Every structure is written in structure tokens, then in C-alpha cells.
Amino acid sequence: MRNRGRRGYGLCFALIVCLAIEGIWPAGIVRAAGDPSGGGRSCQSCHADAVFKAGFQSSAHGRNTCASCHTDITDLGRHMTGENKPSPVNCGSCHRDIASRFRKDVHYVKHNFQCQDCHQDIHSIRKSRDGFKVAAVENCSQCHSREDYTHLGHSGALLKGNGDAAACTDCHGLHNTPYYDPSLERDKAAARENYTRRCRSCHADAKMAKRNRFSTKTVASYDETYHGKVLNIGFPQRVAGCADCHLGHNILPKNDIRSGMHRDNMKTACKVCHKGFHDRFVAFEAHPDPLDPKRSPVLYWTNVFMIALLGGTFAFFWLHTLLWWRRTYCDKCCEGKAGFIEKTVLPECREEMQIQRFPVRDRIMHVLLILSFFTLVMTGFPIKYYDSPWAKILINFWGGAYRAGIFHRIAALVLCGLFLYTLWLSLKFLFPKREFRGSLQRLFGPDSLFPNFKDLKDIIGMFKWFFGKGDMPKFDRWTYWEKFDFLAVFWGMTAIGGSGFMLWFPEAFSYLFPGWMINVATVVHSEEAFLAAIFIFTVHFFNNHLVPNKFPLEPNIFTGRYRLDALRHERPLEYERLVAEGRLDEMKREGPGFWPQLFAAAFGLASLLLGLLLTALIFWAALFY
Amino acid sequence: MRYKMRIIKLFIIAIFLFMFLFPAGADQKPLPRIEPRAVLRMMDNRENIVFINVLSFLECMDSRIPASLCIACEEIGEKTGALPRDRNAKLVFYGGNNPVEAGCDIIREAQRAGFVNLYILKGGLTAWKRAGYEVESPNHIPRVQEAALKPGNLKPWLNSSPTALMIDLRSPAAYQSHHITGAINMPLVSLHRTYQDLPWDRPLLVIDGDGSRSFLAASYLRRKGFENVRRLEGGMAAWQTWNKRGTP
């Protein structure tokens, strides 16, 4: 009986086993596969290769089971017969963040990569012993040509064990490698901006620079070039970023023929944007250092000269202005006996007899000068101080760096035209009707804007007056500060105009000068622009408009008329000369009409206010950025 | 009589003038280009939109806008019947990241068949993906991890692999206009049918127009059992640039 009973249990057990084989087993396998402790051993009975047997358990996903990822295998029978083909695994169900970023990745957008296309070893994937960066290089270079990256530059250092060196992912991102369509200008610009930012993230890092013995000046000096400034202000479309010259991956010493910095390769890089230059064009310093006399002696001494010029000019004229303001303020407020007449008030002018001081031609020229000068300042200074908060606002006002550049050039041409015309007028003044006789007398005479010995005496006399040691000098038609304003234009136009044309046509000038002269021109143009703008907005404005007895505006350059009593007080020698020569009566005019006065007030005061605002912005940028 | 002759002369002049001003084909205006967002708006309005992927069958099955028809530009005749019956349906043609060519045969065929609402998806599938919209991969071809051959390395590679076969994947017309000496033409559009004609034991180099399509072709051939398949980086465009400048 006992044996029969055992046989009965045996039959039952066999029946259960058969039932299990028939239907329950497959589900059991799937359940086992879904059980972390089961570890997917049942799947391995078919998928028996070494990867699944040995690699998976110790891989990064080893704590998961097969069904954790292959969720759509629900019917093992159909799966085993091939009816239920698993669809690609959705890695994003766990790696949500990566999946979300990957939707913008070039590998997905352009080439329809899925996770397993790069992670082909997904069943045995584990942390690399050599570190993440090396693993990234190894993985990327499976498809991307190795010769460009893995044998050169950054990776050379990385593969030798320098963890600071950039891997592919440091520049191109990981799972978010941006897609840039080379046929779209906006994409090219975005790529340039992005890769320049990536380079900067390491090369401007002081700690990393110290560890790896490179200089952060490389970035700082690039930022001071036109390329760097325009890119930094947000218009990378037409300037070179890091990868435009360094050709992406060939980061090697510049004497290596494979390096993008090799002289022969630089020509190719420059030719992408610059056409028709001489070979010496490539001597341009993309990372100039004007403070290093050994590296660029000409640049260094040019910089020293320009700083000395600025320092000397401002030291003299600001002191002059300060002392003048102090003296007239004291005269007006404390003693009540100003050296000049009381302040000019426009409506009163109509009632007084005036003389013609500036003809219409000069007034138009001055208005054009103001317009072109302001355009130059407002289009140029945002580039000079690209990192100040107002620079972007101002450059966007013009429609971007490129359009601002067009306005800058138009204004420069207007200014050049005015300069040439003034030169012509000066020659006509010196040699009227081609008469050379008496030209020296005219040059040093009272109507000339050329300095003479009396100007020196006037300067000394003025300083004596500042300190109460004498009376104010008696001036003739032109004061020494007016002559300085006039003659400074000749120097300024030569310096700023000459350097400006060099920067405008660098390729053509490469036939005359080596490329590093562009760096010199940049320093001259920039410093001279600062000198001109700040001189006009402080010294010229004060001497002619803001001095207390003229405040807020001397309108005679706009109306052309000069009050007779003002002439008598401010330029007594001219007044006496005109009386003696009997020319005063013929110069007498009625006061300016309503419209000239309105124009003078509106345009003149607007220009003054704009100039003062720009001065504040420039000082803000110069001192704090 | 003279008056009638004059009328006839003027009529003939008018006809010639008309033919001169409105030449044949002038009515074939380029198709309007439509942004992915605009298409989606049309779909939201339940308009009858039919997407047509004009790339090769392999590319279309690898990645396409859901429910797209796969009809390559060159596949007129054999697949024209796949076009919808409703002639008022809005057909949106798209390719990869390169613009759909103006001379795409299937578009002309659709025009001839009476479809009037024809559009080209601006930016193609790439723009669709960049906009973040879904795609489907009915038959994704796993990518083969193999470094591409740079144009500058082609000659040394050919010297080291004398039995290598170069396969130009471009259209017969593009192949006729210029190709690398020794390359055979096997358009990508029919590769899934013709790959069996390739020698199994020779190294293969696949070449396309700009390097954007050969990766998929190389992966496909590797999946089909060809063990030594490489691709030319940058395709014919890079090859020509290298020939001109000596640099890739």
C-alpha cells in the first residue's frame, strides 16, 4: 500500500511537471526573470553566450533582470518561437534625464542613433578602470576617425594620464552633442559660440592653468582682439572663434606641420574669411599681449606711448579745467566779478546786436562733425567695452555688430570728408588765389588757428589768473584751447583714421606691413578713440559750454552769431582789431531768429547730454570692467 | 482681306508673345515649404495629412514620421499606387536634413495624379526631430562602430586592399556626372534589393554625396553579413574638396 501510495504521489508529481512544461513554466521563467534575485538565469538557458553568463551579473545593470529592460516579453512561448520579437529597449524609462537630453543630440537628430548603437556592450557595461574620460574617447573614436583626435593634442595628454585634458565629451557634450546645420548661418554662429565657450571653460580656469602650466592670458588676450570682442558681445557670425584657427582637433605646437597653428595651415584658416592677403598677413597676433615687451616690442612701446599721450593730455587739460572752474566759480559766487559776461540766455539774445562769427558752411560742418562723431563713439565703444552691461544694449540699438560696423564706416567716411575739406580750406586760407607771399604772416596771424608765441604767453597768463596772480589774458579771434581742439584733429585723424583704415582693409595693408601691425593699429585706434571721445566730452564741453558763465550752452556754433558784448569781453583784441580796421559794422547782424535758436537749444543741449551720458558709461566700463 | 490678314498676323504675334512671356513649365511653381509646427497644427485640426518619406526604403524604415509612406523620389511607377485615393489629401514630402530636390519624381507624379495640396517639410526629418516631435523606427538598423576613411587616406587604403570595391550610393545621374575612378554605382534607394550582388569576400567602401547617408548603408551591409565595410568620410563632397585643396 505504501508503495502504491508513493507511486500515486509520483504520478501526481509527473503530472504537475508536465503541466508546468505545458503552460506554467514559461510564465514562471518570465516571473523569475522579473525577480532580481533570479537574475535572469532562465533567459541565459537560451541566450547562453559569454556576455550573458559572465559579464551581465557584474555589469552596471547586473542588479536588474532581463525583464527589467525587455518589458515587452510577456509570452515566453511566443518569444521562443520567434512570434514575439522584442522591440528596442526603452532606456529612457530609467535614464529619463539622459533620454530627454538625447532628443536634441546630433546622433539622434541627424543619424537616428539609439542608445544601443553606442552602448553595444550594454550587457557587460561597467565603469572604466581608466576613468570616464578615457572610456568616452575610446567609445567615440569607434566611429569618429581616430587620427584627428586620439593621436593628437588633448587626448595625447589624456591617454598619458592627465585627467585635466579634454575628452570628446568636454567639448562636444555627452548625450547632448548639439546639432549644427552647416548650411544655416545661425547654426554656424551658435557652434562657434558654443565651442569657444567650451575652450574658455578650461583655458580661463586659473587653477587648471597652474596645474598644467599654461597661461590664462591666452583667453584674456583673445578677448581684447576684434574677433574676441565681437564674439563676446554676442555676434559670432563673422568673426573667428577658437576652432576657426585651431582647426578643431589639431592642437599641437605651431612648428608641427599637422598643427592648425603652423604657418602654412594658418593661411588656410585665415582664407576662410579673409581674401587676397599677402603671406605676411598671418603674422597677425590672435593673442596679443601689449604688456609683454619681449614678445611684441612694437606693440608694447606703442601701448606705452598711447598711455603717456592720454595721461599727459588729460593731466594738463583736466587740471586746466578744474582750475578754471574754481576761479570762475569763485568770481561769480564769492566776489561777484566774473572774468566773462553773465551766462547766455537764448531768448535775450534776440534783443542784442550781434556779429557773424561762423558762416553757414562752418555750422553745417560742425553739425555733421557732431553726428559722425557720436555715431563713431556709439558704434565703436560697445565693441571696446564689450563686457560692460550697456554694450549689448547699445550694439543692439544699431542692429548688431555687423550693422554697427557699417554705420561706423559711413561715419568715418563723413569725418574723413570733413577733415579733407578742412585741409582744403586751410590751404585756401594760407594761399589765397595761389598767393604764396605773406603766407607765413597769415599762418601766425590773429585769424589763424595755428599756435604762435602769444598762445604760450596766454597759457602762462591763464594759469596766473587761475591763482589770482594777474588778470585774464586778452584773447584775439582764437584762444589757445580752441587752437588745440583744431590741431588735435590733425593728429587724431592721422592716428585714428590711419589705424581705422588698416583695420577696415587688413588684407590690402598686408602688402605694406606685416600682420602684427594690425595689432598695433588696434591699440592706436582704441586708445586714440578714448582720448578723442573723453577729451571732447569733458574738456571741449567745459571750455565752450559748461564753464559757469556760459552754462548750459554756447550756441554761436549753431546760430553763427556772437553777441557784441561777449566779443568785447571774451576776445577784446579781436574787437579792437575789428574796430580799428573798420570791419565791425559790416559784421553786425540782427540776433538769430526763433528757429535757429530752437535748433541750437534742442540739438546743442541734446548733444551735450548725450556726450555726458556716454562719458559716464565709458568711465563706468573703464573703471569696473 | 487686308484687314483680315492683319488680324491673323496680330494673332500670331500675340501667340508668340504669350509663349515668350509664359513659357512651358512656368506654371510649375516650387512647392510651399511648411514648418513642422504648422503641420502639427493642421493635424490638430483633423486635416487629412499624409507624410511621404522620399528617402530610400532603408532610411525610411530606420526612422520616419509615424505612419509615413516610404516612397523614394526615384520610385515612381512601382509605388505610385501607394498614394492615397483622396486627391484632396495634403501630401507632405520630406527627406533627411538635405532639402528635397526640386526634380523629385514622386512629387511630379503626385501633381500629375491630381493632388493639389502638396507641401515640403521645411528642414525635413531633422527639423521634425529638432522640434521635439515623435518618430518611429519600424526596422532600426543597428549602427556599426567603424571609423570612416578620410579622403586623404583613400589611396593608401586602396593600395593596401587591392581587391577593395568602391560603391557609389548616389543616383545614376549623380554618378554619371562624376565619380571616383573604379567605383560602381549601386543607388541607396535599391540597396535592400541589390546588396546580394556584391562580392561577399571583398572589402567594401561605400560613398555617398556628403557623408550623411553612407553610415546607414555601411551598417546595413555589415548586418547583412559583409564583414569588411567602410565608408568615405564626407562623401563625394569631401573627396572633391580634398582633391582641390589637398586637405579634407
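Collect the residues in the stretch A:107-138 that are at pLDDT below 85 and either surrounded by fewer than 16 Cβ atoms within 10 Å (Cβ to Cβ) or polar (S, T, N, Q) (or both), keeping them in residue-number order. Selection gives A:GLN120, A:ASP121, A:SER124, A:ARG126, A:LYS127, A:SER128, A:ARG129, A:ASP130, A:GLY131. Residues of the stretch A:91-113 that are part of a loop (DSSP other than H, G, I, E, B), free of Cβ contacts under 8 Å to residues at least 24 places away in the same chain and within 12 Å of chain B (Cβ to nearest Cβ): A:ARG103, A:HIS111, A:ASN112, A:PHE113. With respect to the conditions (1) within 14 Å of another protein chain (Cβ to nearest Cβ); (2) farther than 19 Å from B:ALA237 by Cα, B:ALA164 falls short on a single one, namely (1).
Go through the stretch B:101-134 and give me each residue that's within 14 Å of another protein chain (Cβ to nearest Cβ) and surrounded by fewer than 16 Cβ atoms within 10 Å (Cβ to Cβ). B:ALA131, B:GLY132, B:GLU134 - these are the residues of the stretch B:101-134 that are within 14 Å of another protein chain (Cβ to nearest Cβ) and surrounded by fewer than 16 Cβ atoms within 10 Å (Cβ to Cβ).
Matching residues to (1) more than 14 Å from chain B (Cβ to nearest Cβ); (2) part of a loop (DSSP other than H, G, I, E, B); (3) at pLDDT 95 or above:
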position	(1), (2), (3)
A:CYS143	no, yes, no
A:LYS188	yes, no, no
A:GLU193	yes, no, no
A:ARG197	yes, no, no
A:MET208	yes, no, no
A:SER215	yes, yes, no
A:VAL219	yes, no, no
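A single entry from B:ARG202, B:ARG230, B:ARG193 fulfils the requirement of being over 21 Å from A:PRO182 (Cβ atoms) and within 12 Å of another protein chain (Cβ to nearest Cβ): B:ARG230. Could you tell me how many of the residues in the stretch B:135-167 are in a strand (DSSP E or B) and surrounded by fewer than 16 Cβ atoms within 10 Å (Cβ to Cβ)? The qualifying residues number 1.
Among the residues of the stretch A:574-608, those identified as in contact with a strand residue (DSSP E or B) (Cβ under 8 Å, 6 or more places away or on another chain) and not in a helix (DSSP H, G or I) are A:LYS588, A:ARG589, A:GLU590, A:GLY591, A:PRO592.
Taking the criterion of being of a type outside the set (Val, Ile, Thr), in a helix (DSSP H, G or I) and either touching a Pro at 6+ places or on another chain (Cβ under 9 Å) or under 17 Å from A:LEU609 (Cβ atoms) (or both), the residues of the stretch A:518-550 that qualify are A:ASN519, A:ALA521, A:ALA533, A:PHE537, A:HIS540, A:PHE541, A:PHE542, A:ASN544, A:HIS545, A:LEU546. Out of all the residues in the stretch A:77-103, which are in contact with a helix residue (DSSP H, G or I) (Cβ under 9 Å, 6 or more places away or on another chain), small (Gly, Ala, Ser) and loosely packed, with under 13 Cβ neighbours inside 10 Å? Within the stretch A:77-103, just A:SER93 meets the criteria. Being more than 14 Å from the chain's Cα centre (by Cα), part of a helix (DSSP H, G or I), at pLDDT 70 or above and under 30 Å from B:ARG193 (Cβ atoms) is a property that B:GLY81 has. Scanning the stretch B:205-227 for residues that are among the charged types (D, E, K, R) and either within 14 Å of another protein chain (Cβ to nearest Cβ) or within 23 Å of B:LEU125 (Cβ to Cβ) (or both) yields B:ASP208, B:ASP210, B:ARG213, B:ARG222, B:ARG223. For the condition under 16 Å from the mean Cα position of the chain (by Cα) and either within 14 Å of chain A (Cβ to nearest Cβ) or modelled with pLDDT of 90 or more (or both), what is the one hit in B:ASN153, B:ASN98? Just a single option satisfies the conditions, and that option is B:ASN98. Set side by side, the residues A:PHE52, A:PHE56, A:PHE13 differ, and just one is at pLDDT 80 or above and either of a type in the set (A, V, I, L, M, F, W, C) or part of a helix (DSSP H, G or I) (or both), which is A:PHE56.
Taking the stretch A:42-94 as the range and being more than 30 Å from A:PHE132 (Cβ to Cβ) and of a type in the set (D, E, K, R) as the test, the residues that pass are A:ASP72, A:ASP75, A:ARG78, A:GLU83, A:LYS85. Note down all Cβ pairs under 9 Å where the first residue falls in the stretch B:77-90 and is within 16 Å of B:VAL54 (Cβ to Cβ) and without any contact (Cβ under 8 Å) to a residue 40 or more places away in the chain, the second is in a helix (DSSP H, G or I) and among the hydrophobic types (A, V, I, L, M, F, W, C), and they're at least six residues apart or on different chains. So the pair list comes out as B:LYS79/B:ILE106; B:THR80/B:ILE106; B:THR80/B:ALA110; B:LEU83/B:ILE106; B:LEU83/B:ALA110. Applying the set (1) at pLDDT 90 or above; (2) in contact with a Ser or Thr (Cβ under 6 Å, 6 or more places away or on another chain) to A:TRP595 leaves exactly one unmet item: (2).
The values are calculated or read from the model by the stated rules, or taken from the named source; none is laboratory data. Note that the coordinates shown come from a computational prediction; the quantities given were computed from them, not determined experimentally. For neighbour counting, all protein chains shown are included, and Cβ atoms are generated from backbone atoms with ideal geometry for every residue, glycine included.
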